[in-house]
Amino acid sequence: FWFAKGLAVSLMMRRAAFAVVLAFAIGFIAKAELLPERCSSFHAAGKTPWRRGEVGAASVAKDQVLLQVHAASSIVSYGGQTAQEVVAMDQMAAQHIASFFSSPVAVAKALGAGFNAIRSALSSFSKQDPDIGEGFNALGSNLFSIISGLFPADVKMSAQFRDFQLKWSGVLASLHGQADVLAELDSWGKDGQIDNIVLALSTAFSNLAGAARTSLLPAAGLEIAKLLFGLRDCLDGAGEGITLLEEGDQLDGVRSVYDGLKAAVDDLVPGDLMNDDTYSAVVEEASGSLAGVIRDLLEHVREVVIAHVCWKRTEMRDRIRPNMCDEGYTLGNNQWCLPADGTAGSARRAQCPAFTDSIGNWCYLDCLPGYANLALHCKQMCLGRYFVDSPLLCGSRRGSIAFALLEIAAKTAFAAATQIGLVEIVAHAGLVIASHMTDVLQAFVDFARPFGHANCPDAFSRMNHSSLR
């Protein structure tokens, strides 16, 4: 009895020791493979995108630690498997996923599916009151469907894969209550600031990649993390490209989108396959789906700007001819006052009534309520919902006018691009492969068309200040 009990205790201690060592190893791997957890667009933050070469040495160290730890004991088991069986399954799954990414077309399809997952979330996030739960659930479920398809069927039946799935669900649940993410999504829904949606989704990708890297399948999890960070690279590039586009810098905007897509290829494709043919194959296959993400982002920006900005109305001021004469004079033809019969004197110019402004040969009446006198015209005042004032526009938010003016300036800058052809400009700038992103370029050109801000409500002229505020 005591012998059996001692053996059981010894086995439990060995299992506990193995669990501690395994936890240490996974932690080491996670730190060794640690990528930037939170950043905005590459250029705006002054950061360099993550690259495969930066973790090469860490990957070697990771393999050594895994082999040493998992091979430490053939007695200790997890879910009915020995450590050696677990590491063999993990390495087999990692090699299976890596071999899948050795095909540029496969990489493009995986990225394209990831872009569609992002779009499924944007439909919930791009609202005045974003549906955070629905958006992250759509993003998480669609991404996991892609990732699950990368694993061999037998691995998906394992306890380790179920552990990874639980960690994945836990990350999604935590995102629902992460204060900075909630604030960024709320701001994106209301103000349409690109940086906010990029930051929120970048956090989601980073946290989900962390779940993959620290799962009980760390080698396979690393390959999954590369895909997730590749999608984040593309999103960062698209966000930076849209920011530059809004400022009228369409060429650098296209360059940023291409740099993000190229960085994703560098993340995923083996080094010996990184060449122009690979980049071109991925661009041609995946840029259509990426263009869909860009269109969705730009459409929300357009909707926000249109909703929060209106053009001031300008109307002609009512006017009359001068008709006032001094005592002893009577109004004659052509606004001249003539001496009354029997009165000595010369003709004088008629004058305007006191309630009018004399400008040139006319007497201008005051504008109606809701309009301000502006020389010969009446310019609408910014009141009520559109209370933020500027010379040409009224806005309902402080930043909306500045953005709209930027947008108008961008349209002017785009005149040459739409006339000559953005594709030709990009190619002449040396971005030959980027010029093949025809769907992305078309989205950029479409954004150059006027937003068509509505005129401010004419009801301003029939209300007073107290009823509008």
Inset, instruction - List the aspartates and glutamates whose Cα lies under 19 Å from the Cα of Lys156, skipping any in the same chain that are fewer than 8 positions away. - result: Glu85, Asp90, Glu223
Legend entry - Backbone HN-Hα couplings from phi across the range 135-140 [Karplus 6.51/-1.76/1.60, Hz, Gly and Pro as x]: x, 6, 5, 5, 4, x
Inset, instruction - Rounded to the nearest Å, what's the spacing between the alpha carbon centres of the range 280-307 and the range 346-369? Just the number, please. - result: 56
Inset, instruction - For the range 150-156, take each phi angle, set θ = phi - 60°, evaluate the Karplus expression 6.51 cos²θ - 1.76 cosθ + 1.60, and give the result in whole Hz per residue in order, putting x for glycine and proline. - result: 7, 8, x, 4, 5, 5, 5
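What do you reckon, how do Cys325, Cys382 stack up by accessible area (1.4 Å probe), largest on top? Please list the in-between numbers first.
On the way: Cys325 45, Cys382 20 Å².
Ranked from most to least accessible, the order is Cys325, Cys382.
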Legend entry - 15 Å Cα-Cα reach of Lys312 towards aspartates and glutamates, excluding residues that sit fewer than 8 places from it in its own chain: Asp389, Asp458
Inset, instruction - For Cys337, enumerate residues with amide H under 5 Å from its amide H, sequence gap 5+ or separate chain, H modeled in the peptide plane. - result: Gly332, Arg348, Arg349, Ala350
Legend entry - the range 192-275: C-alpha gyration tensor shape, a/c 1.5 cut-off, then a/b vs b/c: oblate
Legend entry - 5 angstrom amide H check on Leu393, placed H, neighbours 5+ away: Lys312
Inset, instruction - Report, by chain and number, residues whose modeled amide H sits under 5 Å from the one on Cys378, excluding near sequence neighbours (fewer than 5 apart, same chain). - result: Glu315, Met316, Arg317
Inset, instruction - Please list 383-393, 209-219 highest first by mean number of surrounding beta-carbon atoms within 10 Å per residue. - result: 209-219, 383-393
Inset, instruction - Multiply the residue gap between Asp276 and Asp318 by 0.36 nm, knock off their C-alpha separation, and tell me the result in nm, one decimal place. - result: 8.4 nm
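Take the cross-link list Lys109/Lys262; Lys127/Lys262; Lys109/Lys190; Lys190/Lys379 and give me the ones stretching past 24 Å between alpha-carbons.
Values: Lys109/Lys262 15 Å; Lys127/Lys262 31 Å; Lys109/Lys190 33 Å; Lys190/Lys379 28 Å.
Where the Cα-Cα span goes over 24 Å, the pairs concerned are Lys127/Lys262; Lys109/Lys190; Lys190/Lys379.
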Inset, instruction - Using the Karplus curve 6.51 cos²θ - 1.76 cosθ + 1.60 with θ = phi - 60°, work out ³J(HN,Hα) for each residue of the range 116-125 in order, rounded to whole Hz, and write x for Gly and Pro. - result: 5, 5, 4, 5, 5, 7, 4, 4, 8, 7
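Dipole size in debye (nearest 20) for the range 117-218 around its Cα centre, Lys and Arg Cβ +1, Asp and Glu Cβ -1?
Working: 7 positive and 10 negative charges, 86 e Å.
My answer is approximately 420 debye.
The values are calculated or read from the model by the stated rules, or taken from the named source; none is laboratory data. Everything quoted here is computed from the prediction, not taken from an experiment. Glycine also receives a Cβ, built like all others from the backbone with ideal geometry; neighbour counts cover every protein chain displayed. Ligands, DNA and RNA are stripped out before the accessible areas are found, and what is left, the full protein with its side chains, is counted by its heavy atoms. Shrake-Rupley method; radii C 1.70, N 1.55, O 1.52, S 1.80 Å.
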